[in-house]
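J.: Please find one structure pasted underneath; my questions will follow.
The values are calculated or read from the model by the stated rules, or taken from the named source; none is laboratory data. This is a predicted model, so every value here is computed, not measured. For neighbour counting, all protein chains shown are included, and Cβ atoms are generated from backbone atoms with ideal geometry for every residue, glycine included. The protein model used for the area step is the full one, side chains on, heavy atoms only, and it has no ligands, DNA or RNA in it. Shrake-Rupley method; radii C 1.70, N 1.55, O 1.52, S 1.80 Å.
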Amino acid sequence: MSSLVARLPLVPASFFGIVLGVIGLGSTWRIAHQLWTLPSAIGEGLMALGILIWAAVLLFFVLKWIVSAEAARAEALHPVQCCYVGLAGVSTMLVGVAVQPYQHIAALCIYFVGLVFTLGFALWRTGHLWRGGRDPAASTPVLYLPTVAGSFVTAIGAGALGFPDWGKLAFGSGLFSWLAVESVLLHRLYTSEPLAPGIRPALGIQLAPATVGALAYLSVSEGPPDMVVYALIGYGLLQLLLLVRLLPWILEQPVSAGYWGFTFGLTALAGSLLRMVLRGDTGPAATMAPIVFGAVNLIMAALMLRTLWLLVAGKILPPVVAASAPKTAT
């Protein structure tokens with residue numbers, strides 16, 4: 001038994017980000033099926049793949065707390081890696097959204113479990129942050145994950161499950177949390193030491209608040225796209241251009257599972273544009289939607305293949321984190 005425990009892979013919570021990317025792409029294909037009658041099997045297959053990945057990562061995440069509690073606590077207390085723990089709940093809510101077309105009650109139950117975990121973790125982690133005493137070097141875009149990602153995905157799920165008014169409350173929570181956290185992050189990026197190469201891929205998360213926020217807004221609103229969603233998409237496009245400009249600097253860290261941090265923002269951008277067209281947009285969104293959809297699929301395919309290669313080569317797991325080491329790779 002002890003030898004089995006020793007061989008158990010210590011899967012980091014950041015791997016829940018893979019679930020966000022795969023289910024996000026599946027959701028985009030669902031919209032593409034409605035809009036362009038593309039094969040529905042692709043979107044549903046991606047949803048099924050995302051659920052399987054979620055189940056595997058969740059199993060190893062729970063086992064880590066059972067058989068290697070010290071490593072699990074170190075991750076939960078780490079100044080950077082801790083925020084990824086919130087993705088356990090966020091990804092669970094997305095699984096509920098994926099299940100919704102097939103079983104409404106099951107989808108509600110899964111979503112509710114994810115919601116409770118997401119809210120509980122966000123309150124616990126933010127409560128620690130409010131106490132101060134934080135090293136500025138540990139402030140990276142992962143700070144968005146507990147409150148901003150959690151709130152926006154709560155809104156997306158509430159809209160999909162038939163509770164858009166509750167989703168509007170979650171959208172407001174995510175919006176103002178985003179504005180507050182972004183001011184802290186930009187001050188750190190502008191005035192402190194450059195990000196270490198190992199955590200630069202976390203900058204990909206910078207794309208997510210605006211684009212996931214746009215998707216959340218569309219999920220809890222009706223009618224033709226308005227100024228709010230255009231503004232969110234516009235800021236998201238600016239973030240994307242900045243990330244492209246910084247890509248050579250970010251790529252000083254070889255492509256690893258940490259680069260999945262880019263994917264939820266990218267798939268949300270594609271999904272938001274498609275949903276805008278579905279709701280009657282004939283302007284910039286209609287022009288950009290097929291281009292962005294194609295580009296995002298190519299990027300996702302490349303990252304999936306790279307991740308599969310890392311898995312087969314036994315190189316997918318990052319080094320085990322220590323609670324006092326803020327510069328560990330993501």
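J.: Among the candidates Ala323, Ala301, Ala216, Ala268, single out the residue that is modelled with pLDDT under 95 and small (Gly, Ala, Ser). If you could, list the steps in order and put the result at the bottom.
T.: Working: Ala301 fails: modelled with pLDDT under 95; Ala216 fails: modelled with pLDDT under 95; Ala268 fails: modelled with pLDDT under 95.
Going through Ala323, Ala301, Ala216, Ala268 in turn, just one is modelled with pLDDT under 95 and small (Gly, Ala, Ser): Ala323.
J.: Name the one entry in Leu266, Leu246 that is within 26 Å of Trp36 (Cβ to Cβ) and outside any loop (DSSP other than H, G, I, E, B). Before the answer, list the steps.
T.: Numbers: Leu246 fails: within 26 Å of Trp36 (Cβ to Cβ).
Exactly one residue qualifies, and that residue is Leu266.
J.: Which ones in region 112-148 are open to solvent by 60 Å² or more (accessible area, probe 1.4 Å) and outside any helix (DSSP H, G or I)?
T.: Those that are open to solvent by 60 Å² or more (accessible area, probe 1.4 Å) and outside any helix (DSSP H, G or I): Arg131, Gly133, Arg134, Asp135.
J.: Quick one: would you say Ser151 is assigned to a helix (DSSP H, G or I), open to solvent by 50 Å² or more (accessible area, probe 1.4 Å), closer than 30 Å to Ile105 by Cα and in contact with a helix residue (DSSP H, G or I) (Cβ under 9 Å, 6 or more places away or on another chain)? First the steps, then the outcome.
T.: Values: assigned to a helix (DSSP H, G or I): yes; open to solvent by 50 Å² or more (accessible area, probe 1.4 Å): no; closer than 30 Å to Ile105 by Cα: yes; in contact with a helix residue (DSSP H, G or I) (Cβ under 9 Å, 6 or more places away or on another chain): yes.
No: the conditions fail for Ser151.
J.: Of the conditions (1) without any contact (Cβ under 8 Å) to a residue 12 or more places away in the chain; (2) assigned to a helix (DSSP H, G or I), Val212 satisfies every one except a single condition; which number is it?
T.: Just one mismatch for Val212, condition (1).
J.: Leu311: within 30 Å of Leu8 (Cα to Cα) and not in a loop (DSSP other than H, G, I, E, B), yes or no?
T.: Values: within 30 Å of Leu8 (Cα to Cα): yes; not in a loop (DSSP other than H, G, I, E, B): yes.
It is true that Leu311 is within 30 Å of Leu8 (Cα to Cα) and not in a loop (DSSP other than H, G, I, E, B).
J.: Next question. Just one of the numbered conditions (1) at pLDDT 95 or above; (2) part of a helix (DSSP H, G or I); (3) open to solvent by 20 Å² or more (accessible area, probe 1.4 Å); (4) not charged (D, E, K, R) is not true of Tyr102; which one?
T.: Condition (2) is where Tyr102 drops out.
J.: Which condition number does Leu195 fail, the rest of (1) part of a helix (DSSP H, G or I); (2) open to solvent by less than 40 Å² (accessible area, probe 1.4 Å); (3) not charged (D, E, K, R) being met?
T.: (1)
J.: Search region 273-291 for residues being among the hydrophobic types (A, V, I, L, M, F, W, C) and closer than 17 Å to Gln34 by Cα, and hand back the single one that is surrounded by the fewest Cβ atoms within 10 Å (Cβ to Cβ). Even if it seems obvious, please write down each step before you answer.
T.: Initial filter on region 273-291 (among the hydrophobic types (A, V, I, L, M, F, W, C)): 273-274, 276-278, 285-286, 288-289, 291.
Next, from what is left, pick out any that are closer than 17 Å to Gln34 by Cα: 273-274, 276-278, 285-286, 289.
Values: Leu273: 31, Leu274: 28, Met276: 24, Val277: 22, Leu278: 17, Ala285: 22, Ala286: 14, Ala289: 25.
The selected residue is Ala286.
J.: For the list (1) open to solvent by less than 10 Å² (accessible area, probe 1.4 Å); (2) farther than 30 Å from Ala137 by Cα, I need the number of the one condition that Cys109 fails.
T.: Of the numbered conditions (1) open to solvent by less than 10 Å² (accessible area, probe 1.4 Å); (2) farther than 30 Å from Ala137 by Cα, the odd one out for Cys109 is (1).
J.: From Ile299, Ile250, Ile291, which residue is more than 22 Å from Ala155 (Cβ to Cβ), among the β-branched types (Val, Ile, Thr) and in contact with a Lys or Arg (Cβ under 8 Å, 6 or more places away or on another chain)?
T.: Exactly one residue qualifies, and that residue is Ile250.
J.: Here is a further query. Within region 167-190, how many residues turn out to be within 17 Å of Val148 (Cα to Cα) and surrounded by 16 or more Cβ atoms within 10 Å (Cβ to Cβ)?
T.: From region 167-190, those within 17 Å of Val148 (Cα to Cα) are 167-186; that's our starting set.
Remaining after also requiring surrounded by 16 or more Cβ atoms within 10 Å (Cβ to Cβ): 167-168, 170-171, 173-175, 177-178, 181-182, 185.
Total meeting the criteria: 12.
J.: Taking interchain pairs and intrachain pairs at least six residues apart, which have beta carbon atoms under 7 angstrom, with the first residue in region 167-194 and touching a residue at least 40 places away in the same chain (Cβ under 8 Å) and the second open to solvent by 50 Å² or more (accessible area, probe 1.4 Å)?
T.: Partner pairs satisfying both residue conditions: Arg188/Pro136; Ser192/Pro136.
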